[in-house]
1. What relative contact order, as a whole-number percentage, does chain C give when Cα pairs under 8 Å and 6 or more residues apart are counted?
2. Buried accessible area between A and B (1.4 Å probe, both chains summed, ligands and nucleic acids excluded), in Å² to the nearest 100?
3. Can you give the Rg to Rh ratio of the range C:188-296, both from alpha-carbon atoms, with Rh computed by the Kirkwood formula?
4. What does the charge count around residue C:378 come to, taking other residues whose C-beta lies under 14 Å from its C-beta (Lys +1, Arg +1, Asp -1, Glu -1)?
5. Dividing the convex hull volume of the alpha carbon atoms of the protein assembly as shown by its residue count, what do you get in Å³ per residue?
6. Charges on Cβ only, +1 for Lys and Arg, -1 for Asp and Glu, centred on the Cα centroid of the range C:133-292; of C:273, C:259, C:206, which one is farthest towards the dipole's positive end?
7. May I have the extent of the alpha carbons of the range D:217-311 along their three principal axes, as whole Å values ordered from largest to smallest?
8. Can you give the FRET efficiency to the nearest 0.05 for residue C:486 and residue A:114, using r as the Cβ-Cβ distance and R₀ = 45 Å?
Amino acid sequence: MSTVAQDASHPEYLAHHFSDIEQQKESAKLGMWIFLATEILTFGGLFCAYAVFRAWFPEMFHDAHKVLDLRLGTINTIVLIASSFTVVYAIYCIQRNNRTGTVINLALTLLFAATFMVIKYFEYSHKIHVGQLPGHFYFYDGLEGTNPHLFFGIYFAMTGLHGVHVLIGMGLITWVMIGTLKGRFSSEYYVPVEMVGLFWHLVDMVWIFLFPLFYLIG
Amino acid sequence: MSQHTHEHHIPLWVFVNVFLALIVLTGITVWVSTFDFGPLNLVIAMAVATVKATLVGLFFMHLYYDNKMYMFVFILGVLFVGVFITLTMYDTMRRGDLDDAKAGPIQTQAAFYDSLDIRAAKFGHGDGHGTTGEHGSTATTEHEDTTHAGTDAVPHDTTIDSTQPAGMDSTAGHSPEETPAEGH
Amino acid sequence: MSTATATFPQKHYLNDPPGLKSWLFTLDHKRIGLMYFFAIMFFFTIGGILAMLIRLELLTPQGDFFQSGDTYNQMFTLHGAIMIFLFIIPSIPAALGNFVLPLMLGAKDVAFPRLNLASFYIYVVGSIFCIYSIVTGAVDTGWTFYTPYSTSTTTSVVSMTSGVFVLGFSSILTGLNFIVTVHKLRAPGLTWFKLPLFVWGLYATAIIQILATPVLAITLLLLILERTLGIGIFDPALGGDPVLYQHFFWFYSHPAVYIMILPGMGIISETVSVFSHKKIFGYKFIAFSSLGIAFVSFLVWGHHMFTSGQSELAAMIFSFLTFFVGIPSGIKVFNWVTTMYKGNISLEAPMLYTLSFLFLFCIGGFTGIFLGALSVDVHLHDTYFVVAHFHYVMMGGTVMAFLAGVHYWWPKIWGRMYSEFWAAIAAFLIFVGFNMTFFTQFVLGSQGMPRRYYTYLDQYQPLHGFSSIGSWVLGLGFLIMAFYLVGSLFKGKIAGNNPWGALSWEWSTTSPPPHHNFETVPEMTHGFYDYDTVLVNEHGEKVYKEEPVSV
Amino acid sequence: MGNGGSFWLPPASSTVAGEVDSIFYFVYYASVVLFILVIGLTAFFVFRYRRRGGTRQFTSGFSHSNVMEVTWTVIPTILVFVIFFWGFNGFLKMHVAPKDALQIKVTGQKWFWSFDYPSGASSVNEIVAPVNKPVELLMSSKDVIHSFYVPDFRVKMDVLPNRYTKAWFEATETGEYNLFCTEYCGTKHSEMIGKVKILSELDYQKWLEAADFDTTIALHEMGERLYKSKACVTCHSIDGTPMNGPSFKGIWGKTEHFADGSSLTIDENYIRESILNPNAKVVAGFQPIMPTYQGILKDRHIDAIIAYLKTLK
């Protein structure tokens, strides 16, 4: 697109094949939402595995969920909700050209995300330590129901995939934060900030379901 | 309402209220989970989670204000997950309907549990266990095992039946051993 | 049909900008489409050679050509996996669709050109994984990777599934790009119900790509976890359920069948109208039946599992829903045939493949009815009847449509014409060879010959032998095609903008098109199928029956 | 039915085959009629409306007709509904075995079939059943998925590991029929072919008596059959070749060294323990992978195997 001569009606951030910024923005948004739909389906596969095995082994799921730490799960839920709020606040600020506010809020989001991952780290390392693990790796001897390793298989698959998304989200937030610091975004153009925000909310939304399914009702 | 220009004017108090609502709902769902409503546990938890997700979608993700096409795309995604789960469970939950032989696995417990200390640990404790009956019934549904000497299923079932599973650590309370800080 | 006055443009997308680097980093949808085209043709050739080897082995009942059953098993697995994941799924959307879609919409490019290039390179990375798995002891699981076989075999399942996993993202990104392009980049005046039907086909395909492919990704991820960590969800020895794997796999792979066929149907909707020189019959019914197929295709995956041990109730529901997929396909066929009524039909190469498509796809569709009927499927499942059925749909359907599309847009892509004479001969050989190869397999299957057999009982020898001979005729047809298509690039007649007298927008720009597709944004002066009021004469000029009505 | 088969279908030799064939031919003839209609019209149009003289003409604007659309939507819909209900009906019959069915246990394994009869008899790769009597198959697999398929009976059902599936048939004619594995299962998938031998009721009883080696044959012969039918043969050769497990050739009275360093002379007690608790003493150089036969082999079976092993010098 560098081959296209830029005139006044064609600002730097407008790609050559779009006729105006509104069209570009709507395209990006629609593309993002479609991407989010694919994310829903990706997690959907795992939710299906969860549903099938929970229906097959309700007692085992019930017993196994008790070894998860409800306290840490709740803290993580609140942390993620807070991070979602700061992302919204960041977009609210950039819409009003308040770059400082945006950067502060994005930094807070990063902080919350990091908190989430640190807590996840403690949860994981404890489970690895006591053997609440998937498949053959399972050696925990505090559960006697049918095949509790399946619960932990699904637990690790779902929270693991979610964790990977949190890490990707953190990378993206860092990227838009740097972009904001460099002054690339303004109330005129903040599509990337908004897109990253949407992604982050989806990650939050997935956790909103993972939390009760694993920590509350098993 | 669906004018895209309007999103610039969503006041902050909307987001603050949504945030507070989410926190409150989290509190409610955690509090409710301390009671046992039987099968309703799942319904309640999922209902609260759905309300929370809807709030996030409508307000944090601007679906309420934006082009309704986005909401359509989003709902389409959720709908197909629903189709996937529903039709799959039509199979997995109904395998025994016509012919009970197809209902479940021959050997319920994975073989590698034999080499674990779980059973041994069970013998070490003596007190009763609330879910004994459930496990008993799991074992007896495998009636095919006794009539058709198919595999080495017998050792497991006899273990489950004879030992009256008892005194697992998990029965003492809700996740007493789950204190990660100790481990590190 | 090209005109005496046709000229070859000086500057066009092939040479502007020049240089290898400008190709490798191009954001031009036409170049990306062309790169896809070469990549998929490479894998089509490999897959085709594997198929010929398989047929050679099956010439006699004993195992004689391959050293062991293992080699044979790897051959048919690779044939399936390469043809499906590396050829047929990207074939029409990513190669032809990429080239044509923005031209048809009067757009300068797809909505996300960078993403488009990325999806091509993701495809390349995925194909490298697949090639790596071939080099390191090819997989022998069948392209379906059924557990627990795939979790217990010693072959390189992980690298192949990783490859397919990566390829999935390429497919998702292409679908995403197309949907946004169709929604946001249509030229002014081009409303939804004026869109060319190929665009509708691609749009419906894209919906499946974005909604089904993620489930394949998670399925393969779980399979990889199963193999590496043994998480046990699909492993019966660990309390898991192999039938659940089949649900996961077919939730993607059945809709994927429609990822393959829907764009093909789109091409046929174009060619049947252009070469009958008649307004397409039942436009809205064809358009909506594409969406209908896309939607229903998500509800029928269980018909691959009628004998798998799934519950009879589920089998009933899946069988019932399966028949609903047949109806919209039938609607399309009837509309295409009626389009030819009172037309002005010319039998150039694209039309020959279109007619082949109609013939073969009908057989493929009708035999699908056999397989949808529960009790008949019990007899036919996993026999050569199924093999014949899906080759009639995939090859007789999609590949014929793909070839129709390639011959139809070839002059647009390269600016030159191929030899109609050789094209007709090749089309004839392919049609005859295909029927010889695969029609016999219907009989084999209904007589009980199971699929994926390295050796077989003597009683099936005559039919297998005939089928193998057919494969040589088929191969010869493709060989001839390769020669005249390559030859056309050097000695072909200059095509001119609109050799077929078609009315959609890709024919209003030069052949090959310029870098930015159009010198001026095209205007909606007539419908794309209005052969009753608009005619392109021998000089490439538009003649109107009445004064044009501006829209 | 009960003939030599036709161009399309093999002989119909079970009670359900007739109905399957009826639907098959119903769909077949309906398809042929519709196919001829569609392709005939296409050919006619191509011929009748072909372009003459190479110049394009304006053509008719006839491009929609709701009557036609409805017609070719509704008629096929009715047709496929009929086919669906008919097919489902047959499917149900295939899945619900009559109450008085004779039950035979089928085990699929790489790459052979084994069958256990109610009397205690067993056979490998050849299932024997009486004619005109429903036979119910209770099937499971020892490794990967297989599929039990008898084309002449129109019976097919996957055989899954760690789960039972059922199928049934009632043969209408005596004779031998092919039995295929139709779910891809690896190297010798195409050699996993067995026979179905349908005998008259009288012959079947005779066969059972002969096969019921618990009472009628010498102990070591019974052991040999068990060696084959209980899958010992897959891991233990009798010609001295080590496979997954040590060969049985000359095993009796030999001194074996075990993985834990100890050694022992092979006797009745060791063999008994190895069958019931295989991993207690594993011969050095082999993996502890043998499954236990606890609950599968009766005492008399074990004695028979011991007697057989004694003969393998």
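The values are calculated or read from the model by the stated rules, or taken from the named source; none is laboratory data. Since the structure is predicted, the reported quantities are computational estimates derived from the model, not experimental observations. Note: ideal-geometry Cβ built from the backbone for every residue, glycine included; neighbour counts use all protein chains shown. The accessibility values were calculated without ligands, DNA or RNA, using every heavy atom of the protein model including side chains. Shrake-Rupley method; radii C 1.70, N 1.55, O 1.52, S 1.80 Å.
1. 19 percent
2. On the way: alone 11530 and 13910 Å², together 18900 Å².
The A and B chains share an interface burying roughly 6500 Å².
3. Numbers: Rg = 19.3 Å, Rh = 16.0 Å.
Using Cα coordinates only, the ratio equals 1.21.
4. Details: positive: D:93, D:154, D:156, D:166; negative: C:312, C:377, C:382, D:19, D:21, D:152, D:158, D:183.
With Lys, Arg at +1 and Asp, Glu at -1, the net is -4.
5. Details: hull volume 231.7 nm³, N = 1266.
Each residue corresponds to 183 Å³ of Cα convex hull volume.
6. Farthest towards the positive end: C:273.
7. 39, 27, 22
8. Values: r = 57 Å, r/R0 = 1.27.
That pair, residue C:486 with residue A:114, gives E of 0.20.
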